[in-house]
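Asker: Got a structure for you, questions after.
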Amino acid sequence: MKFLLLLVALLVCTFTKAEIYFQEQFGEGYEGRWVESTAKGGEQGKWAWSAGKFFNDEDKDKGIQTSENARFYGISSKFDKFSNEGKDLVIQFTVKHEQKIDCGGGYVKVFSSDLDQEKLHGESPYLIMFGPDICGPGTKKVHVIFNYAPKKENLLIKKDIRCKDDELTHLYTLIVRSDNTYEVRIDNKKVESGNLEDDWNFLAPKKIRDPEAKKPEDWDDREKIDDPEATKPEDWDQPEHIADPDAEKPEDWDDEMDGEWEPPMIDNPEYKGEWKPKQIENPEYKGKWIHPEIDNPDYKADDKLYLYTDIGAIGFDLWQVKSGTIFDNVLVSDSVEEAEKQATDLWEVTKNGEKEMKDKQDAEERAQREEEEKKLKEEGGDEEEFDEEEEDFDEDFDEDMDEEFHDEL
């Protein structure tokens, strides 16, 4: 009997089907499944359908691409709402910044089912925000932000996860488990993991300083003290500057016209600075006083930090200075195995082919550029001056736009 029960349990586990709540590879007809935001009016950027300038398979590698510089972008898709109670939650998608992005988001947001899609903007409430964000050399990180209803706050991860910043397609995966642990993967490899309570400020701290505890008045935490036997030498005090003994009054100096002559001042070689007694070990030293801690009465454990009861939409809500980012292969599931399978079937198939095409294009562009430079030199042109002027203009424009708009989202 026990054997039969065990066999049944094994069969149930074996044939438990992975739940795919949402997936999108942006094939033909994707427009009917996604709604573009109009919240920013004339500042709202348009999405293109493209595989970009380099790819493995032009049809299969098509995704949605930001197409206008210095614009806000908003697009979302709804699905049957679900709860991740007692299950893993897996969010996965690919990002390709083929435009050499200087400042802009590449993250996805997960929403509840009541999202107003046409009015999607930076202040629209979301449940989870996940993915890369780049702005200049100082910001190249992966956001993992959870909304925590009891606090009514969006909580940022305490750890720093660096994102990819090249021009190729990269895969981002977030796994949130029902035991309140998480894992972040980039290109199907773990880059960070841990416990939700430890790595976000969901809860009040377990321990706090005892408000009743005070350092005793006679507590001496000075490791070193002045030597009471030390005395300052009698010849110690000397001026820092003295008159230059080698200076001579100029022959043409007129006291009536120029005033009384004074020799210039020089550093005094006998000057020793401020005298301080030497330090000795403090015989009364008791060590650094540590404030005792007590259990925090405001701390309340929560074994449901991972839980969202109404997950019903996913979308991209971004600002980009330089457009060209392509998003693809979006997945929301309860199965890590399904995410790994799609990583193999979709991303790994793409990455090698697109790199080969990009390398070939780069080589051709380099050869063409070298040929053009050769011709310019032969004709006596000065291409360097033109390139520098164009580069300076681009940098000034990008810096101004970065500062003005990046933090708005």
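The values are calculated or read from the model by the stated rules, or taken from the named source; none is laboratory data. Just so it is clear, the model here is predicted, and its values are computed rather than measured. We place every Cβ from the backbone using ideal geometry, glycine too, and count neighbours over all the protein chains shown.
Asker: For the list (1) assigned to a helix (DSSP H, G or I); (2) modelled with pLDDT of 95 or more, I need the number of the one condition that GLU256 fails.
Answerer: The number of the failed condition is (2).
Asker: Okay, moving on. Can we say GLU197 is out of contact with any Gly (no Cβ under 9 Å at 6 or more places or on another chain) and surrounded by fewer than 11 Cβ atoms within 10 Å (Cβ to Cβ)?
Answerer: Against the criterion (out of contact with any Gly (no Cβ under 9 Å at 6 or more places or on another chain) and surrounded by fewer than 11 Cβ atoms within 10 Å (Cβ to Cβ)), GLU197 does not qualify.
Asker: Mind listing whichever residues of region 230-282 are within 30 Å of ASP220 (Cβ to Cβ) and of a type in the set (Ser, Thr, Tyr)?
Answerer: The answer is THR231, and nothing else.
Asker: It is to be established whether one or more residues within region 306-323 are part of a loop (DSSP other than H, G, I, E, B), in contact with a helix residue (DSSP H, G or I) (Cβ under 8 Å, 6 or more places away or on another chain), surrounded by 12 or more Cβ atoms within 10 Å (Cβ to Cβ) and not aromatic (Phe, Trp, Tyr).
Answerer: yes
Asker: Of all residues in region 85-103, count the ones that are farther than 22 Å from ALA313 by Cβ and assigned to a strand (DSSP E or B).
Answerer: Qualifying residue count, region 85-103: 3.
Residue-by-condition table, conditions (1) among the aliphatic types (A, V, I, L, M); (2) without any contact (Cβ under 8 Å) to a residue 60 or more places away in the chain; (3) under 19 Å from PHE327 (Cα atoms); (4) in contact with a strand residue (DSSP E or B) (Cβ under 6 Å, 6 or more places away or on another chain):
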position	(1), (2), (3), (4)
PHE93	no, no, yes, yes
LYS100	no, no, yes, no
CYS103	no, no, yes, yes
LYS109	no, no, yes, yes
ASP114	no, no, no, no
MET129	yes, yes, yes, yes
LEU156	yes, yes, no, yes
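Asker: If you check every pair at least six apart or on different chains, which have Cβ atoms under 9 Å apart with a residue in region 221-242 that is under 30 Å from ILE290 (Cβ atoms) first and a residue that is among the acidic types (Asp, Glu) second?
Answerer: As it stands, the answer is ARG222/GLU284; GLU223/GLU281; LYS224/GLU281; ILE225/GLU281; ILE225/GLU284, since those pairs meet every condition given.
For every residue, the table says whether it meets (1) over 25 Å from ARG185 (Cα atoms); (2) at pLDDT 95 or above.
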| site | (1), (2) |
| --- | --- |
| PHE82 | no, yes |
| VAL90 | no, yes |
| LYS96 | no, yes |
| ASP102 | no, no |
| TYR107 | no, yes |
| LYS119 | yes, yes |
| ILE128 | no, yes |
| HIS143 | no, yes |
| ALA149 | yes, yes |
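Asker: Right, next: Can you say whether PHE327 is surrounded by 12 or more Cβ atoms within 10 Å (Cβ to Cβ), modelled with pLDDT under 90 and not β-branched (Val, Ile, Thr), as far as the supplied structure shows?
Answerer: Criteria not met by PHE327.
Asker: Does LYS249 qualify as being surrounded by 13 or more Cβ atoms within 10 Å (Cβ to Cβ) and outside any strand (DSSP E or B)?
Answerer: On the way: surrounded by 13 or more Cβ atoms within 10 Å (Cβ to Cβ): no; outside any strand (DSSP E or B): yes.
The answer is no for LYS249.
Asker: Exactly one condition in (1) of a type outside the set (Gly, Ala, Ser); (2) surrounded by 17 or more Cβ atoms within 10 Å (Cβ to Cβ); (3) closer than 18 Å to ASP317 by Cβ is false for GLU123; which is it?
Answerer: Single failed check for GLU123: (2).
Asker: Restricting to region 330-346, what's the tally of residues that are aliphatic (A, V, I, L, M) and either over 23 Å from the mean Cα position of the chain (by Cα) or more than 15 Å from VAL108 (Cβ to Cβ) (or both)?
Answerer: Total meeting the criteria: 4.
Asker: Additional query: Out of curiosity, is LYS249 within 27 Å of GLU337 (Cα to Cα) and either touching a residue at least 12 places away in the same chain (Cβ under 8 Å) or among the polar types (S, T, N, Q) (or both)? Steps first, answer last, please.
Answerer: Numbers: within 27 Å of GLU337 (Cα to Cα): no; either touching a residue at least 12 places away in the same chain (Cβ under 8 Å) or among the polar types (S, T, N, Q) (or both): yes.
Taking the combined requirement at face value, the residue does not satisfy it.
Asker: Taking region 216-231 only, how many residues are surrounded by 11 or more Cβ atoms within 10 Å (Cβ to Cβ), assigned to a loop (DSSP other than H, G, I, E, B) and among the charged types (D, E, K, R)?
Answerer: Residues in region 216-231 being surrounded by 11 or more Cβ atoms within 10 Å (Cβ to Cβ), assigned to a loop (DSSP other than H, G, I, E, B) and among the charged types (D, E, K, R): 5 in total.
Asker: Which of the residues belonging to region 104-120 are surrounded by fewer than 21 Cβ atoms within 10 Å (Cβ to Cβ) and not in a loop (DSSP other than H, G, I, E, B)?
Answerer: Hits for region 104-120 are GLN117, GLU118, LYS119.
Asker: Give region 144-177 a look and list any residue that's of a type in the set (A, V, I, L, M) and in a loop (DSSP other than H, G, I, E, B), or say none.
Answerer: Across region 144-177, the qualifying residues are ALA149, ILE157, ILE161, LEU168.
Asker: All but one of (1) over 19 Å from ASP187 (Cβ atoms); (2) in contact with a strand residue (DSSP E or B) (Cβ under 9 Å, 6 or more places away or on another chain); (3) among the aromatic types (Phe, Trp, Tyr) hold for TRP261; which doesn't?
Answerer: (2)
Asker: Is there any pair linking a residue in region 327-343 that is over 14 Å from GLY27 (Cα atoms) and free of Cβ contacts under 8 Å to residues at least 12 places away in the same chain to one that is in a strand (DSSP E or B) and among the aromatic types (Phe, Trp, Tyr), with Cβ under 6 Å and at least six apart or on different chains, and which?
Answerer: Listed pairs, sorted by first residue: none to list.
Asker: I'd like the residue in region 68-108 that is among the β-branched types (Val, Ile, Thr) and touching an Asp or Glu at 6+ places or on another chain (Cβ under 6 Å) and, out of all such residues, is nearest to GLN25 (Cα to Cα). Working first, answer last.
Answerer: Taking region 68-108 and keeping what is among the β-branched types (Val, Ile, Thr), we get 75, 90-91, 94-95, 101, 108.
Those left that are additionally touching an Asp or Glu at 6+ places or on another chain (Cβ under 6 Å): 75, 94.
Working: ILE75: 15, THR94: 10 Å.
Once the filter is applied, the top-ranked residue is THR94.
Asker: Name the strands (runs of 3 or more DSSP E) wholly inside region 9-77 in which the number of residues that are modelled with pLDDT under 95, within 19 Å of PHE93 (Cβ to Cβ) and out of contact with any Cys (no Cβ under 9 Å at 6 or more places or on another chain) is 2 or more.
Answerer: none
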